[in-house]
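Let me begin by presenting the structure, written as structure tokens, before commenting on it.
The values are calculated or read from the model by the stated rules, or taken from the named source; none is laboratory data. Fair warning: this is a prediction, and the values are worked out from it, not measured in the lab. With ideal geometry, Cβ positions are generated from the backbone for all residues, glycine too; neighbour counts draw on all protein chains shown.
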Amino acid sequence: MDAAAVLIATVKLRPGMDAEFTAWKAHSDLVIGKFPGFVGSDMLRRFHVTFDYAGKRMVLERGASFELATARSRVQQLSR
């Protein structure tokens, strides 16, 4: 692939479809995650994301959940 690609998906779930969506999302992340440079929603949810299309860049600023997610990752690594 010569050009970068950005995929942003917004989904409105029907009540009671959480398990189906979670399974679909896990499968999609597994397939898409094989592409170099993939950054998944589990990573991006820690940040406020700004797309600067004119400057051809994505700006990440720490969000409220950044520290909590970082601490949780450290604990999971220690328990392995």
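Structure values in brief
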| read-out | value |
| --- | --- |
| Filter result for the condition that a residue is closer than 23 Å to T22 by Cα, modelled with pLDDT of 75 or more and not hydrophobic (A, V, I, L, M, F, W, C), over R45, R62 | R45 |
| Residues being loosely packed, with under 10 Cβ neighbours inside 10 Å and in a helix (DSSP H, G or I) - total across the stretch 11-25 | 1 |
